[in-house]
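Read the structure below first, then the notes.
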Amino acid sequence: MQDVVLALLAKEPSHGYELRARLQHALGPLGDALNAGQVYVTLGRLEKAGLVAAQRVGQTDRPDRKVYELTAAGQDRVTAWLAEVGWAKPVSAKFHLKLVAVAAAGLADPVAIVDAQRRELLRQLGDLQGAALAEPDGSSAALLLEGAVLRLQADLRWLEACARHWEREERA
Amino acid sequence: MTANAVLRAAGLRKEYGRGAALVRAVDGVDLDVAAGEAVAIVGASGCGKSTLLHLLGGLERASGGELSMAGERFDTMSETRLARLRRNAIGFVFQGFHLVDELTAAENVELPALLAGVSPRAARRRAADLLERVGLADRSRHLPSALSGGQRQRVAVARALVNRPLVVLADEPTGNLDSTATTDVLRLFDGLRRNGHTLVIVTHDSRIAATSDRLITMRDGAFVDETRLGGGARRLGSLAGLGG
Ligand SMILES: Nc1ncnc2c1ncn2[C@@H]1O[C@H](COP(=O)(O)OP(=O)(O)OP(=O)(O)O)[C@@H](O)[C@H]1O
Ligand SMILES: [Mg+2]
């Protein structure tokens, strides 16, 4: 969540409510689970960590609003996040938001991020597969490895769908 | 890698149709396959994998570009010489097995050797050795109809090897197989790779792709990504969910 918020801020400084609207749009029906508080809590934490800076903007008819922007440390963090290929579980919403944020902010090519992730998962699959093939017939360790192999295969299929989607978006 | 390239393609193209119906099935592919290397080419349905494999194996003529096998150009070869090259230097494994239904497993494996002029005795010996290697020694007299899909595919692999080809080309070798049969075929290809065979496999099965040395991703007829695999097995515990 923190990284996604930072990435969205990399494009331009925003109000909290704008960030929340963009996240909700990206998540569709799943976005209902995202309450307003979460975005503000995240922004507060990021501010405390020195990754974003807030500026009060006076409004005539309503109370002041904060506009958040990235600090230099925040920019470094976004750069590091873009290069990251960790695949913690459950992963899909996080990775999906990464692609949405990256595309919205024009930070990087989402297809390149999918490709980097795919390479990482294929390396993992190769390692697991190699170990599974080295097991003798009927080994119970092979069964454990097969579970991991099947999960990675499902993740890889989903990444293919991600690549197709973002390629289409790029062409459009 | 360039010095000992067994199979090389440069600027390879294949177009079908013309005008509005023009399809660039293979669109400018450069590929060097080193001796003993296992290359997997993956990509969505229709991206041109089978077409590329047919060009690499001399089964179809390219619209443009150059092809060579062990340093010898074959895109410009006569049909007769190309047919000989296909028979002696290339082993094919197809998705649909392409076994002759009327011949036993052993006879299917022998056939390309006999066509290449190997003596019947030598052909029979080679077939027996290969069927042993693919774990089907006890099925050699069965007809394909009496074999499972995975077993048929292993016969097809044995047949592809019978003329000791420089390179084995495989199109979706696990395409029609269930998980267990896929594992058998994976194990077989993994063994071939370890024994120094040169392999080019096109597939959408990430499992077989992940056992290669080099993985190439194809989109719309062109290569868009390349990764070297292997040498891993460090983080198995965490990959299998044991934490750490
Ligand atoms: N003989 C042909 N005539 C016209 N178009 C063809 C011919 N063969 C293939 N094509 C077209 O070329 C493109 C690539 O086809 P190809 O069979 O190589 O794809 P593929 O990657 O092997 O797909 P799959 O994974 O479904 O097997 C497709 O658009 C296909 O329709
Ligand atoms: Mg095909």
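The values are calculated or read from the model by the stated rules, or taken from the named source; none is laboratory data. All of these numbers come straight from a predicted model, not from anything done at the bench. Because the Cβ atoms are built from the backbone with ideal geometry, glycine has one as well, and the counts that use them run over all protein chains shown. Note: areas computed on protein heavy atoms with side chains; ligands, DNA, RNA excluded. Shrake-Rupley method; radii C 1.70, N 1.55, O 1.52, S 1.80 Å.
For chain B, what is the Kirkwood hydrodynamic radius in Å, using each pair of distinct C-alpha atoms?
Details: mean 1/r = 0.0533 Å⁻¹.
It is 18.7 Å.
Scattering from the C-alpha atoms of the stretch A:92-171 alone, worked out with Debye: what is log10 I(q)/I(0) at q = 0.11, 0.17, 0.21, 0.22 1/Å?
Rounded to two decimals, the profile gives -0.38, -0.69, -0.89, -0.94.
Give me the percent of the accessible area of chain B that comes from carbon and sulfur atoms, probe 1.4 Å, all protein chains in place. Walk me through the numbers before you get to the answer.
Working: 5240 of 10860 Å².
Its accessible area is 48 percent carbon and sulfur atoms.
Hand me the GluC sites (Glu not before Pro) from the stretch A:42-124 located in a DSSP loop with no more than 14 other Cβ atoms within 10 Å, in residue order please. Write down the numbers at each step before the final one.
Numbers: sites: A:Glu47, A:Glu69, A:Glu84, A:Glu120; in loops: A:Glu84.
Of the GluC sites (Glu not before Pro), the ones in loops of the stretch A:42-124 whose Cβ has at most 14 other Cβ atoms within 10 Å are A:Glu84.
For chain A, give the percent of accessible area contributed by carbon and sulfur heavy atoms, probe 1.4 Å, rounded to a whole number. Please list the in-between numbers first.
Values: 4810 of 9010 Å².
Ligands and nucleic acids excluded, carbon and sulfur reach 53 percent.
Keeping all protein chains in place, calculate the accessible area per residue for the stretch A:92-171 (probe 1.4 angstrom), answer in Å².
Working: 3590 Å² over 80 residues.
Averaged over the residues of the stretch A:92-171, the accessible area is 45 Å².
If every alpha-carbon in the protein assembly as shown counts as one equal scatterer, what log10 I(q)/I(0) does Debye give at q = 0.10 1/Å?
-0.78
Could you state how much accessible area is buried at the A-B interface, both sides summed, with a 1.4 Å probe, in Å² to the nearest 100?
Summed over both sides, the interface buries about 2300 Å².
Using a Förster distance of 51 Å, how high is the FRET efficiency between B:Glu66 and A:Glu69, based on the Cβ-Cβ distance and rounded to 0.05? Please list the in-between numbers first.
Numbers: r = 55 Å, r/R0 = 1.07.
The computed FRET efficiency comes out at 0.40.
Could you give the C-alpha radius of gyration of the stretch B:65-197 expressed as a fraction of 2.2 N^0.38 Å, taking N as the number of residues it contains?
Details: Rg = 14.9 Å, N = 133, 2.2 N^0.38 = 14.1 Å.
Compactness ratio reported: 1.06.
Restricting to chain B, compute how many DSSP beta bridges are antiparallel as a %, nearest 5.
Details: 22 of 39 bridges.
Percent antiparallel among DSSP bridges in chain B is about 55.
Between the stretch B:49-67 and the stretch B:71-114, how many Å separate their Cα centres?
The distance from the Cα centre of the stretch B:49-67 to that of the stretch B:71-114 comes to 15 Å.
Would you please give the FRET efficiency between B:Asn4 and A:Leu27, computed as 1/(1 + (r/R0)^6) with r the Cβ-Cβ distance and R0 = 41 Å, to the nearest 0.05? Let's see the in-between values first.
Values: r = 52 Å, r/R0 = 1.26.
Efficiency, rounded to the nearest 0.05: 0.20.
With a cap of 15 neighbouring Cβ atoms within 10 Å, and only residues DSSP puts in a loop, list the trypsin sites (Lys or Arg not before Pro) found in the stretch B:48-105. Spell out each step's value before the answer.
Working: sites: B:Lys49, B:Arg61, B:Arg73, B:Arg81, B:Arg84, B:Arg86, B:Arg87; in loops: B:Arg61.
Sparse-neighbourhood loop trypsin sites (Lys or Arg not before Pro): B:Arg61.
Using only the alpha carbon atoms of chain A, find the Kirkwood hydrodynamic radius as the inverse mean reciprocal pair distance, in angstroms to one decimal.
18.1
Just give the residues from the stretch B:205-222 buried by at least 40 square angstrom of accessible area in the all-chains context relative to the isolated chain, probe 1.4 Å, and say none if nothing qualifies.
The answer is B:Ser206, B:Arg207, B:Ala210, B:Arg219 - residues whose exposure falls by at least 40 Å² when every protein chain is included.
Are there residues in the stretch A:115-133 whose accessible area shrinks by at least 50 Å² when all protein chains are included rather than the chain by itself, and which are they (probe 1.4 Å, ligands and nucleic acids not counted)?
A:Arg118, A:Arg119, A:Leu122, A:Arg123, A:Asp127, A:Gln129, A:Leu133
What distance in nm separates the simple spin-label points at A:Arg168 and A:Tyr40, each placed 7 Å from Cα in the Cβ direction?
Between A:Arg168 and A:Tyr40, the simple spin-label model gives 3.8 nm.
Given R₀ = 56 Å, what would the calculated FRET efficiency be for B:Thr180 paired with A:Lys11, taking r from the Cβ atoms and rounding to 0.05?
Values: r = 49 Å, r/R0 = 0.88.
Approximately 0.70, to the nearest 0.05.
For the pair B:Arg87/A:Trp158, report the inter-label distance in nm, with labels modelled 7 Å from Cα in the Cβ direction.
With each label placed 7 Å out from Cα toward Cβ, I get 5.2 nm.
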